[in-house]
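See below for the structure under consideration.
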Amino acid sequence: MKLITRTALALSLAWTFGAAAQTLPADPSKIPVVIPDELKPLAFMADACWEGPMPDGKQIASHCVRWFMRGRYLRDRFELKGSNPPYGGETTYYWDHDAKAVRYIYWANDGGYSTGSMKTDGTTVIFDDERYIGKEGEMKVRGEVTPIDADSFKWKSEILGKDGKWMPMLDSTFTRKPINWGPYQ
């Protein structure tokens with residue numbers, strides 16, 4: 001019985017992967033990219049790197065953003081240049097069919113992570129329910145990203161203080177920079 005089950009599984013896998021291989025072009029650049037309509041408000045950031053100064057004037061926030069999985073997801077690799085110890089992370093944006101919302105998850109290299117959702121008012125991308133969990137506990141963050149032109153955008157964010165009041169965290173203009181994917185190919 002085990003032999004029949006293994007044989008059936010092997011044949012099923014061979015047929016599945018054989019059929020998939022026949023339907024994909026040999027050149028990966030020819031695979032069509034299908035961006036969900038819900039992710040299109042973020043498209044202005046894709047396939048580029050962006051840099052903006054942090055409030056201290058000593059550090060630079062760098063975001064390199066690109067589509068992956070044939071445009072179904074958007075990856076944002078973040079690095080805080082000039083930080084000691086080095087700080088960075090990666091965000092994945094995706095359409096959550098069950099929640100009917102664009103959701104994201106961010107993983108930081110210090111072990112922290114955040115989750116939230118994104119919406120738009122037509123021009124501004126709004127992040128109003130981010131929850132970051134790190135060594136210091138939980139923080140609530142909100143922000144807005146507004147395109148200025150093809151080569152720049154404004155990023156403003158706030159953090160909820162222990163007194164229940166929102167405090168400025170970032171107010172920076174990001175400009176397009178040469179693409180540098182680094183070790184994150």
Residues whose modelled amide H sits under 5 Å from the amide H of Asp110, counting only those 5 or more places away in sequence or on another chain, are Gly88
Starting from one equal scatterer on each C-alpha and no solvent at all, send me the Debye-based log10 I(q)/I(0) for segment 18-171 at q = 0.10, 0.13, 0.19 Å⁻¹, two decimals.
-0.41, -0.67, -1.34
Taking 0.36 nm per residue of separation and subtracting the Cα-Cα distance, what length does fully extending Trp95 through Met167 add?
23.0 nm
Work through the residues other than Glu51 whose Cβ is under 10 Å from its Cβ and net out their charges, Lys, Arg +1 and Asp, Glu -1.
+2
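Grab the eigenvalues of the alpha-carbon gyration tensor for segment 102-156, scale each by 5, take roots, and send me the semi-axes largest first in whole angstrom.
Result for segment 102-156: semi-axes of 24, 12, 9 Å.
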What net charge do the residues around Glu38 carry, taking every other residue with its C-beta under 12 Å from that of Glu38, with Lys and Arg at +1 and Asp and Glu at -1?
+3
For segment 122-185, projected area of the alpha-carbon convex hull averaged over all directions, nm²
6.4 nm²
Alpha-carbon gyration tensor eigenvalues x 5, square-rooted, for segment 48-93, Å:
24, 10, 6
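Readers should treat all values here as calculations from the given coordinates under stated rules, not as data from a laboratory. Here the structure is a predicted model, which is why all the values come from computation and not from measurement. For neighbour counting, all protein chains shown are included, and Cβ atoms are generated from backbone atoms with ideal geometry for every residue, glycine included.
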